[in-house]
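S.K.: Below: one structure in structure tokens.
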Amino acid sequence: MVGPSPYPYASFIALKRTYDELFVLCVPCRRYIRLAIGPIRERDSRTTTFSCSVCGSVGHLVIDDPAKDGYTLDPRDKPERHPAARTRIVARAFAAREPPRHLIDPPKRGP
Ligand SMILES: [Zn+2]
């Protein structure tokens with residue numbers, strides 16, 4: 001049966017159903033993981049970022065098996081986040097919770 005996708009547009013579950021396997025790779029480390037989408041299945045893949053747990057640089061989402069390009073599979077089950085990535089995420093969450101004061105209480109203008 002062909003029809004519109006039952007999954008949210010560009011969500012990880014939609015990608016997984018289309019491409020079967022998703023990978024995240026780190027270019028400097030030449031490592032990759034198979035992406036387990038469990039908790040992020042409904043999330044928009046276009047706005048989700050990844051980072052390397054070893055060097056902290058950007059993790060790239062790819063659909064082609066990186067092993068073919070000489071990348072090594074990282075066998076660790078649940079690697080710890082890189083400290084720089086953790087700091088970035090915490091700072092972003094804090095900024096999201098605390099909107100700038102002028103947005104909450106706009107300055108009075110005019111008479
Ligand atoms: Zn890395």
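Read the figures in this text as sums done on the coordinates, not as results from a lab. Remember, predicted model here, so these are calculated numbers, not experimental data. All Cβ positions, even for glycine, are placed from backbone atoms using ideal geometry, and neighbour counts span all protein chains on display.
Yes or no, residue by residue, for (1) loosely packed, with under 11 Cβ neighbours inside 10 Å; (2) without any contact (Cβ under 8 Å) to a residue 40 or more places away in the chain:
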{"position": "CYS55", "(1), (2)": "no, yes"}
{"position": "GLY59", "(1), (2)": "no, yes"}
{"position": "ASP65", "(1), (2)": "no, no"}
{"position": "ALA95", "(1), (2)": "yes, yes"}
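S.K.: Quick one: how many residues across the stretch 10-34 are more than 16 Å from the ligand (Cβ to nearest atom) and either crowded, with 20+ Cβ neighbours inside 10 Å or of a type in the set (Ser, Thr, Tyr) (or both)?
M.R.: So the answer is 4.
S.K.: What are the pairs, 6+ residues apart or on separate chains, where a residue within the stretch 29-43 that is hydroxyl-bearing (Ser, Thr, Tyr) has its Cβ under 7 Å from a residue that is surrounded by 15 or more Cβ atoms within 10 Å (Cβ to Cβ) and part of a strand (DSSP E or B)?
M.R.: As it stands, the answer is TYR32/PHE23; TYR32/VAL24; TYR32/LEU25, since those pairs meet every condition given.
S.K.: Among what's in the stretch 1-35 and is assigned to a strand (DSSP E or B) and within 19 Å of PRO75 (Cβ to Cβ), pick the residue that is farthest from the chain's Cα centre (by Cα).
M.R.: ARG31
S.K.: Can you tell me which residue is farthest from the ligand (Cβ to nearest atom) among those in the stretch 36-90 that are part of a strand (DSSP E or B) and more than 14 Å from the chain's Cα centre (by Cα)?
M.R.: That would be LEU73.
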